[in-house]
Structures are given as C-alpha cells and as structure tokens.
Amino acid sequence: MKVVKTISELRDSRRGLKEPVGFVPTMGFLHEGHLSLVRRSREECQSTVVSIFVNPTQFGPQEDLTRYPRDLPRDLAMLEKEGTDLVFVPEAGEIYPRGFQTYVQAEELTKRLEGALRPGHFRGVATVVTILLNIVQPQRAYCGQKDAQQSLVIKRMVQDLNLPLEIVACPTVREEDGLAMSSRNVYLNPQERKAASALSRGLFVAEKAFQDGERDGEQLRNIVRQTLKEEPLARIDYISCADLETLQELQRIERGALLSLAVFIGKTRLIDNVLLGVDSL
Ligand code: AMP
C-alpha cells in the first residue's frame, strides 16, 4: 500500500494502477462503515484508492473542524489490512492553495435538510469531491447511504457536470443496537451512547409502519418523533420524510421516500436515515 501526500505523487502512482480504479473519499478516523465501502470497491474494481482529508470548507464556523477525531496510523493499518492500493493524505494547502476561489454548488438539493441547517456545507463537499475526482480519476467512487443527502448531491453533480465515472451508494453499517456508525460517535459519553440508539429505533418503528401500509408522510414523521420523545437526552433538529429526487417533504408516499433525521444527543449532532419503498439511493 502506497501512502502519498501531494497531488503530483498521487498522479504518478495513479498511472501504475490497474483499471477500473475505485475511489473512497473519507475524512478518516475509520470504522466498519468506511471499510464496507473499501471492500465493495475491492470486489468491483482492480485497484482501490482511499483519501483521508478533513475538508475545512465543509465545516461551519461553529462546527467541530479542529476537534474532529483523527488517528492516521490506525487508519493506515486498517486500510492496509483491507488491501487498499493507494492512500492520499493531503494537507489543506495542497487541496486549497493560496488564491483558491472556485467552488461547486448544487442548487435546489442543498437547500433542504442538512443544507438548510448547515449553510455552505454541501458547497464544501461538492467542491472537494470534484477536486479529488479530478486528481484520482477513478472509474467508480463509493459513498454511504448514511449521508444520504451528500450521496444525492454527489450523484447529481456527477450527472450535471458529465463527470466520467459511476457513483455507488452503499448501505449503512450499524452497531449492534442499531446506531449508525460514525466517526463522531466518539464524542458520546457512555450515557449518551446508550441514548443514541433512539435515532435508529425511531426510524425502524416508522419503517415497520410503512411496511404495514402507512403512506402518510406526516404520520411517519410523527411516529419517529414519538419514539424520540421517550429519550430525554435527545433533542430533535429535524425529522423529514422526503422525495428521493427533490428532497421536498412528502404528504403521501407514492413510490419511494427518504426518512431522515438529525438529533442532538447532548452536544453531539447525529444523523441517520432509512429508505422507504426502494433498496438504494
Ligand atoms: P466521512 O469520513 O464521514 O466523510 O465518510 C466517508 C464516507 O463513508 C461517506 O461516503 C460516508 O457516507 C460513508 N460512511 C460513513 N459512515 C458510514 C456507515 N455507517 N455506513 C456506510 N457508509 C458510511
């Protein structure tokens, strides 16, 4: 496994890789969710490239950029074990050199849900992913359904800009109690960690109601809300039952829907979702 820090080293090493090349962009502090993307790439591609970059432009001024968890030696050991071919670990100045001023902005899709509450977040995501895709030039890139809106934004951007690759969205990997794996779960103290299972519990109760025939968007949102109200440490940021293409709130589910939420457990903001009526994004 080769580890490189500069764009020119990455380009040199990339030339020697067998194609198709699969790419997994991450912010590091890896867990089984990230590794599931690496494994999928290993299954479907001849070579696998992973980037580890805590992207400053996707964090708001009040967010956790400086305290975002990092453990590069551990990440590299995990990636080596999975058979990763090439790891790109750039410094911020390599991606955003002095004078940088060009950003990628998806419009309507980023006005709702996470985009509504985290202004500029998806502009940072779309920009860094575009830069990384241009550097790595993979045939496929792997992302997680866990960050559903992010995956939809990336898919839309790839389609709109005619970028020559396929985006593959992979299922959410969960802890035993249902909590979606996330690098941010380390912020939770033991009591909060227990309380955090309320997110998936709420989503699963509503998913069951959908399977039993409930098609009313507000009812489904209410079911999630009621379950979360039973957990005193949980403070709801939003609960959404939205159209999979536009992310507009649905009154009635005709085909598929994205049931998603953001919830504060103590000071930590967690997100999760389930798909209703479809298998993947
Ligand atoms: P991050 O390091 O949080 O930026 O995540 C990098 C990629 O891993 C993104 O495409 C995420 O959606 C994906 N990912 C994060 N957590 C999970 C999970 N629990 N299951 C599947 N994919 C995940």
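Of all the residues that make up the stretch 1-24, how many are more than 21 Å from ARG174 (Cβ to Cβ) and either within 10 Å of the ligand (Cβ to nearest atom) or in a loop (DSSP other than H, G, I, E, B) (or both)?
8
Condition first: within 12 Å of the ligand (Cβ to nearest atom), open to solvent by 20 Å² or more (accessible area, probe 1.4 Å) and outside any strand (DSSP E or B). Now tell me which residues in the stretch 25-45 satisfy that.
MET27, PHE29, HIS31, GLU32, HIS34, SER36, ARG39, ARG40
Look through the stretch 114-143, keep the residues that are small (Gly, Ala, Ser) and in contact with a Pro (Cβ under 8 Å, 6 or more places away or on another chain), and return whichever of them is nearest to the ligand (Cβ to nearest atom).
By that ranking, first place goes to ALA141.
Here is a yes/no grid of residues against (1) in contact (Cβ under 8 Å) with a residue 12 or more places away in the chain; (2) within 16 Å of the ligand (Cβ to nearest atom); (3) assigned by TED's automatic domain parsing to the domain that holds GLY266; (4) over 22 Å from the mean Cα position of the chain (by Cα):
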site: ARG156; (1), (2), (3), (4): yes, yes, no, no
site: GLU166; (1), (2), (3), (4): yes, yes, no, no
site: GLY202; (1), (2), (3), (4): yes, no, yes, no
site: LEU228; (1), (2), (3), (4): yes, no, yes, yes
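Listed residues THR66, THR48; which is modelled with pLDDT of 95 or more and either part of a loop (DSSP other than H, G, I, E, B) or surrounded by fewer than 20 Cβ atoms within 10 Å (Cβ to Cβ) (or both)?
None of the other options fit; the residue is THR66.
In the stretch 189-237, which residue that is basic (Lys, Arg) and assigned to a helix (DSSP H, G or I) is least open to solvent (accessible area, probe 1.4 Å)?
ARG221
Looking only at the stretch 132-154, count every residue that is closer than 27 Å to ARG112 by Cβ and among the β-branched types (Val, Ile, Thr) and tell me the total.
Qualifying residue count for the region: 2.
Restricting to the stretch 168-177, name every residue that is surrounded by fewer than 16 Cβ atoms within 10 Å (Cβ to Cβ) and either within 12 Å of the ligand (Cβ to nearest atom) or within 16 Å of the chain's Cα centre (by Cα) (or both).
Correct list: PRO171 only.
Just to verify a result, which residue in the stretch 179-188, among those that are closer than 18 Å to ALA234 by Cα and within 11 Å of the ligand (Cβ to nearest atom), is most open to solvent (accessible area, probe 1.4 Å)?
Looking at residues that are closer than 18 Å to ALA234 by Cα and within 11 Å of the ligand (Cβ to nearest atom), I get ARG184.
Could you go through the stretch 88-110 and let me know if any residue there is near the ligand (Cβ under 10 Å from one of its atoms) and either open to solvent by 30 Å² or more (accessible area, probe 1.4 Å) or at pLDDT 95 or above (or both).
no
Find all pairs meeting these conditions: Cβ atoms under 7 angstrom apart; at least six residues apart or on different chains; first residue within the stretch 248-265 and open to solvent by 40 Å² or more (accessible area, probe 1.4 Å); second residue in a strand (DSSP E or B).
GLN248/ALA242; GLU249/SER240; GLU249/CYS241; GLU249/ALA242; ARG252/ASP216; PHE264/ARG235; PHE264/ASP237
Answer yes or no as to whether THR57 is open to solvent by 20 Å² or more (accessible area, probe 1.4 Å), more than 16 Å from the ligand (Cβ to nearest atom) and among the β-branched types (Val, Ile, Thr).
No: the conditions fail for THR57.
Quickly run through the stretch 25-71 and pick out the residues that are within 20 Å of VAL173 (Cβ to Cβ) and hydrophobic (A, V, I, L, M, F, W, C).
MET27, PHE29, LEU30, LEU35, LEU37, VAL38, CYS45, VAL50, ILE52 - these are the residues of the stretch 25-71 that are within 20 Å of VAL173 (Cβ to Cβ) and hydrophobic (A, V, I, L, M, F, W, C).
Can you name the residue in the stretch 111-137 that is touching a residue at least 24 places away in the same chain (Cβ under 8 Å) and either in a loop (DSSP other than H, G, I, E, B) or acidic (Asp, Glu) (or both) and is also surrounded by the fewest Cβ atoms within 10 Å (Cβ to Cβ) among such residues?
Per the criteria, the residue is PRO119.
Out of curiosity, is ASP160 more than 16 Å from the ligand (Cβ to nearest atom) and open to solvent by 60 Å² or more (accessible area, probe 1.4 Å)?
When the stated conditions are applied, ASP160 passes them.
The values are calculated or read from the model by the stated rules, or taken from the named source; none is laboratory data. Because the structure is a prediction, the values reported are computed rather than measured. Note that we place each Cβ from the backbone using ideal geometry, even for glycine, and neighbour counts take in every protein chain shown. The accessibility values were calculated without ligands, DNA or RNA, using every heavy atom of the protein model including side chains. Shrake-Rupley method; radii C 1.70, N 1.55, O 1.52, S 1.80 Å.
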